[in-house]
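Engineer: Let me give you the structure first, and then I'll get to my questions.
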Amino acid sequence: MMAWLSINFHALAATLRKLAGSPLSSFFSICVIGIALSLPTGIFVLLQNIETLSGNFTGSPQISLFLSKDAGSAEVSEIEKRLKGNPGVDHFRFVPKEEALGEFRKDAEFSDVVTSLSQNPLPDAFVVFARENSAKNLENLHQEMLKWPKVAHVQLDSNWARKLDSFLKLGHVATSILAVLLGFALIFITFNTIRLQILTQKDEIEVAKLIGATNTFIRRPFLYLGALQGLAGGIAAWGIIAAGLHFMNGAIQELAELYSTRFILANLGIRESLLLFFLSACLGWLGAWLSVSRHLWQLDSGSQ
């Protein structure tokens, strides 16, 4: 166990010295990896913030629940009890038919028509606000309310929620595709970087093979190099996104003040950040493994 730790420690130390020995080329490689990773990750962060903003949007759609004309106080109390006990309902407001008629009477456009009426044609109603503004939750509430007793009609305007939900789904699919493509790009970048390192150490590798070094021993420092470059690229991507959000938040604050609200774009959380670093290191490791394995396979094939 101690021998294994010692071998890996020396391989890691040699890799760090190699990175420090060529700071300019290492810097450019890390920057390219960071930019490639920041594109899908940045879009993902923006989509997450849009979802948060839509969830806190105060102008959420209203569900108007109209009761039958013959509904009495007992039915009104029953509907209130159902709304209070429904986990999908945030809050609601009861609008008696007399209050609704009074609102129409105040409107100059309808005042003459209301005055000519012999009786109130409007029903009692509830204005309901959902706890979650997703299209699925609104539709579930709509279908459930239609089954309640003495409910004549339920009106729901959820077109904006459906459009936003569709936009977010499309955004996540596009981000996933972009992430896969740029993930392959990261592998290719690491593959090419390690290939150049292998070419500079070609003679050393051949000598090591001749004196009995195993492929695992030869591969190890290059794998560390690929993983470290990938990890550094992930950290660079996180920094690029953080800097971008910092500048964007300044402009967003000015816009938010016009609407008397406050909203700040949030960066990746701890869990998402660690996942980004882990995946970037794994992709770098994979690119290095492919590059070294290809070279070792060529050596083995040539020696046979």
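What follows draws every value from the coordinates through simple rules; no lab data is involved. Keep in mind that what you see is a predicted model, and the values were worked out from it rather than measured. No Cβ is skipped: glycine too gets one built from the backbone with ideal geometry, and neighbour counts run over all protein chains shown.
Engineer: If you rank Ser26, Ser68, Ser166 by fewest surrounding Cβ atoms within 10 Å, what's the result?
Structural biologist: Numbers: Ser26 18, Ser68 14, Ser166 11.
Arranged by neighbour count, lowest to highest, Ser26, Ser68, Ser166 become Ser166, Ser68, Ser26.
Engineer: How much length is gained if the chain between Gln143 and Arg131 is pulled fully straight, taking 0.36 nm per residue apart and subtracting their Cα-Cα distance, in nm to one decimal? Don't jump to the answer; show the numbers that get you there.
Structural biologist: On the way: separation 12, 0.36 × 12 = 4.32 nm, distance 1.60 nm.
Result for the pair: 2.7 nm of gain on full extension.
Engineer: Please list 3J(HN,Hα) in residue order for the range 175-182, calculated via the Karplus relation 6.51 cos²θ - 1.76 cosθ + 1.60 where θ = phi - 60°; whole Hz, with x for glycine and proline.
Structural biologist: Running phi through 6.51 cos²θ - 1.76 cosθ + 1.60 with θ = phi - 60° gives 5, 5, 5, 5, 5, 5, 5, 6 Hz.
Engineer: Calculate the FRET efficiency for Glu99 and Val180 from the Cβ-Cβ distance with a Förster distance of 35 Å, rounded to the nearest 0.05.
Structural biologist: Taking R0 as 35 Å, the efficiency between Glu99 and Val180 is 0.05.
Engineer: Continuing with the same structure: Hey, rough spin-label estimate for Ala266 and Ser25, points 7 angstrom out along Cα→Cβ, what's it come to in nanometres?
Structural biologist: 4.3 nm
Engineer: Taking 0.36 nm per residue of separation and subtracting the Cα-Cα distance, what length does fully extending Ala152 through Ala251 add?
Structural biologist: Values: separation 99, 0.36 × 99 = 35.64 nm, distance 4.73 nm.
Additional length available on full extension: 30.9 nm.
Engineer: Moving to a separate point now. Need one number: nm distance between label points at Ser73 and Ala242, each 7 Å from Cα along Cα→Cβ, rounded to one decimal.
Structural biologist: Each label point lies 7 Å from its Cα, and together they span 6.3 nm.
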